[in-house]
Amino acid sequence: ASLLINDVAMLLAFVTGVFLARHRARGTHGSNGVWPFWRLADGAPRRSLWRDIGLGIVSYPLFLWAVNLAALANQVLIEKLGMKPDTHVLMKELGRPQSASVVTLFFVMAVVGAPFFEELIFRGMLYNVMRRYLGATAGACSAALLFAAVHAVWSQTMALFVLALILTWLYDRTGRLVAGMTLHAVNNAVSLVLALYLQRQGG
């Protein structure tokens, strides 16, 4: 239920953001590659949509070391502070036996819904606003920190922060959100498959 509520909240935030963008700009075309998300931002070098999808896929193994290093540092910090490791609510649910329909729903929400809405909100909207008022570096770090905090998984805060910075770089590098959405989807898919595998091994 909490996952559905979270997705509905993301949807409402996205719709509100698009409405405000349309009201301010009298249209959303060419608005920093945010919406339509498959179109390039004004002034961005022309590039293939498939190239960005491929970049998102290739980026996963390339940047996995950075995310894992941040996760390891986070784990050491958690232990130093005497805190108990926590996990995402979705991973907790996948740690229990689930029906095929429930697992399918989890996959759709995590691999399609979350990458789509979170990239639109955190990179497309939030980062653009913060970049305008704080500058590119401070804006990227602020939006990444909020992205990590919203997930409320303190054992993964640093890893999520680093992942968010990589997603922001992909957005700036390509001029649209497609590469980041793809990387985000691949990351979530791999995490879910590993969680299911460990659950079956434990069973």
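The values are calculated or read from the model by the stated rules, or taken from the named source; none is laboratory data. A quick note: this is a predicted structure, and the numbers were derived from the prediction, not measured. Here the Cβ is made from the backbone with ideal geometry for all residues, glycine too, and neighbour counts use every protein chain on show. In case anyone asks, the SASA skips ligands and DNA or RNA and just uses the protein heavy atoms, side chains included. Shrake-Rupley method; radii C 1.70, N 1.55, O 1.52, S 1.80 Å.
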Taking a ≥ b ≥ c as the square roots of the Cα gyration tensor eigenvalues, with a/c under 1.5 meaning rounded and otherwise prolate when a/b beats b/c or oblate if not, region 47-203 comes out oblate
Surface per residue (accessible, 1.4 Å probe) for region 68-177, Å²:
51
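State whether region 161-203 is rounded, prolate or oblate according to the following rule on the C-alpha gyration tensor (a ≥ b ≥ c being the square roots of its eigenvalues): a/c under 1.5 gives rounded; otherwise a/b larger than b/c gives prolate, and the remaining case gives oblate. Don't jump to the answer; show the numbers that get you there.
Details: a/c = 7.05, a/b = 3.05, b/c = 2.32.
Taking the square roots of the gyration eigenvalues as a ≥ b ≥ c, region 161-203 is prolate.
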How compact and how long is region 56-149, expressed as Rg and Dmax of its alpha-carbon atoms in Å?
16.5, 47
Would you tell me the accessible area of L198, worked out with a 1.4 angstrom probe on the heavy atoms of the protein chains, in Å² to the nearest 10?
110
Give me the net charge for the shell around F147: Cβ to Cβ below 12 angstrom, other residues only, Lys and Arg +1, Asp and Glu -1.
-1
Got a number for carbon plus sulfur as a percent of region 109-203's accessible area, 1.4 Å probe?
68
